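Written out below as structure tokens is the structure these notes cover.
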Amino acid sequence: MIDFEPKYITFDCYGTLTKFRLGEMTREMYGDVLQGAEMDQLIAFFSAYRRDEVLGAWKPYREVLMNAFERACKRMNVKYDPAKAETFYTAVPTWGPHPDVPEGLSRLASKYKLVILSNASNNQIQQNVDKLGAPFHAVFTAEQAQSYKPRMPGFEYMFDKLNCNPEDVLHVSSSPRYDLFTAHDMGVKHMAFVTRGHEQATPDNTYYSVHDIPHLASELGL
């Protein structure tokens, strides 16, 4: 059981709540070009370059995706198609939640104020949030903060807007790299790692591990 009563439960969105589909889209669009280990490598490079693209000054999320995919294609000697890369961006707001999410969030929302901090564009995020099946107290984006996770300004922006301290929240993410390491360094004492499978737990973790959002609700006694 999680023996802590947060003022807010704060969530990452894409990957944690919304099912992140860039990998499967890459397989669909480039399956006639690469297969097997080469396709896996293209997807891995695409993921790595997205992280690299968000570590500097803020830029629109469309540019993050386009630049990252162009760099991944170059690494794999695959022809870069801007029209296909644009499809990644336009698809984002159509994505829905992991199957477990609506039930789990509904249980959590019966007691707690739920908040999202997402590496998202302002014009996309609400369409994803509307599909999650529960009310949110606030939704904050990288565009509002002018900074992407894993950098710290987004967390600072969220704490300022909520008028709370890091130790007041339970932060929930399926990504140690993007969220939990930074949250820890910011002074967040209570975190939950949702084991969605796209990142591994770390040996010296300082977070609770849950396999889905209903499991998180159960750990909080709901």
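The values are calculated or read from the model by the stated rules, or taken from the named source; none is laboratory data. Just so you know, these numbers come straight off a predicted model, no measurement behind them. Here the Cβ is made from the backbone with ideal geometry for all residues, glycine too, and neighbour counts use every protein chain on show.
Numbers at a glance
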{"item": "Filter result for Y14 (at negative phi, outside the structural domain of A109 (by TED's automatic domain parsing) and hydroxyl-bearing (S, T, Y))", "result": "no"}
{"item": "The range 197-211, residues that are within 25 Å of R21 (Cα to Cα) and either aliphatic (A, V, I, L, M) or surrounded by 17 or more Cβ atoms within 10 Å (Cβ to Cβ) (or both)", "result": "E199, A201, V210"}
{"item": "Residue pairs meeting the criteria (Cβ under 9 Å; at least 6 apart or on separate chains; first within 14 Å of W58 (Cα to Cα), in the range 149-169; second modelled with pLDDT of 95 or more and of a type in the set (K, R))", "result": "P150/R51"}
{"item": "Breaking point among (1) in the same structural domain as P214 (by TED's automatic domain parsing); (2) without any contact (Cβ under 8 Å) to a residue 60 or more places away in the chain; (3) more than 23 Å from I2 (Cβ to Cβ), for A134", "result": "(3)"}
{"item": "Subset of the range 98-112 [crowded, with 22+ Cβ neighbours inside 10 Å and of a type outside the set (A, V, I, L, M)]", "result": "G104"}
{"item": "Hits in the range 173-187 (condition: assigned to a loop (DSSP other than H, G, I, E, B) and without any contact (Cβ under 8 Å) to a residue 24 or more places away in the chain)", "result": "G187"}
{"item": "Tabulated pairs, the range 5-24, first touching a residue at least 12 places away in the same chain (Cβ under 8 Å) and within 19 Å of F45 (Cβ to Cβ), second of a type in the set (D, E, K, R) and crowded, with 20+ Cβ neighbours inside 10 Å, C-beta under 9 angstrom, 6+ apart or interchain", "result": "L22/R50"}
{"item": "Those residues of the range 172-187 which are among the aliphatic types (A, V, I, L, M) and under 13 Å from P150 (Cβ atoms), in sequence order", "result": "L180, A183, M186"}
{"item": "Residues that are outside any helix (DSSP H, G or I) and among the aliphatic types (A, V, I, L, M), drawn from the range 59-80", "result": "V78"}
{"item": "All positions within the range 113-132 that are more than 14 Å from V64 (Cβ to Cβ) and crowded, with 19+ Cβ neighbours inside 10 Å", "result": "L114, V115, I116, L117, I125, N128, V129, L132"}
{"item": "The range 202-222 residues that are in contact (Cβ under 8 Å) with a residue 24 or more places away in the chain and closer than 19 Å to Y8 by Cβ, paired with ones that are of a type in the set (D, E) and assigned to a loop (DSSP other than H, G, I, E, B) (beta carbon under 7 Å, 6 or more apart)", "result": "I213/D100"}
